[in-house]
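Student: Before I ask anything, let me first share the structure, which is written out below as structure tokens.
Coordinate-derived values only; no laboratory data. Small disclaimer: the values here were computed from a predicted structure and weren't measured. Counting neighbours? That spans all protein chains shown, and the Cβs are built from the backbone with ideal geometry, glycine included.
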């Protein structure tokens with residue numbers, strides 16, 4: 001039950017985040033005329049999902065922050081949302097760590113010689129049917145779902161004063177032990193923390 005409420009809470013926070021940011025239409029670098037400047041795209045069980053944004057016109061919402069300090073911890077988050085009647089959808093990718101989050105370091109929800117496990121990793125996805133899925137650090141994940149596979153990861157490949165770019169993937173679970181596989185995730189989003 002706690003997990004079900006945590007996923008719903010995270011989804012509500014994501015919707016609030018994207019709604020608050022939807023009022024801004026300036027990307028800080030002048031925008032473009034029709035080209036897609038910012039995006040989050042990924043596949044859910046093989047089906048392509050895209051959140052698209054350009055400097056002149058919000059198609060969807062896609063924002064992020066990098067090494068935002070909160071209670072002595074560094075946070076990096078990516079949020080995307082779409083609000084259409086009967087077709088809401090959102091994604092939140094967030095990591096929290098006492099030390100600074102690094103560019104070109106793969107952060108994961110599992111221990112590995114080739115990845116870094118942050119203090120907290122929380123990824124949530126709300127599908128168009130209103131079902132929440134999520135994943136978090138391996139110990140907590142496998143305590144709730146003994147058969148769960150912890151394979152979520154995120155890499156920030158480029159971070160400027162204007163935007164963040166990188167990749168992500170992972171298996172997300174819901175409160176009924178069902179899961180979705182998110183693959184080929186990539187993002188280039190506006191920084192909202194500066």
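Student: Roughly what would the spin-label model give for residue 105 and residue 120, points 7 Å off Cα along C-beta, in nm?
Tutor: Distance between label points: 1.8 nm.
Student: Same structure, new question: Efficiency by 1/(1 + (r/R0)^6): what FRET value for residue 144 and residue 194, r their Cβ-Cβ distance, R0 = 35 Å, to the nearest 0.05?
Tutor: Given R0 = 35 Å and the Cβ-Cβ separation, E is 0.45.
Student: Determine the gain in length on full extension of the stretch residue 176-residue 87; use 0.36 nm per residue of separation and subtract their C-alpha separation, reporting nm with one decimal.
Tutor: Stretched fully, the residue 176-residue 87 segment lengthens by 29.8 nm.
Student: Next question. Counting other beta carbons within 10 Å of each Cβ, put 90, 192, 157 in order, fewest first.
Tutor: Starting with the residue having the fewest Cβ neighbours, the order is 157, 192, 90.
Student: Please compute the length gained on full extension between residue 158 and residue 69, using 0.36 nm multiplied by the number of residues separating them and subtracting their Cα-Cα distance.
Tutor: 30.1 nm is the gain from fully extending residue 158 to residue 69.
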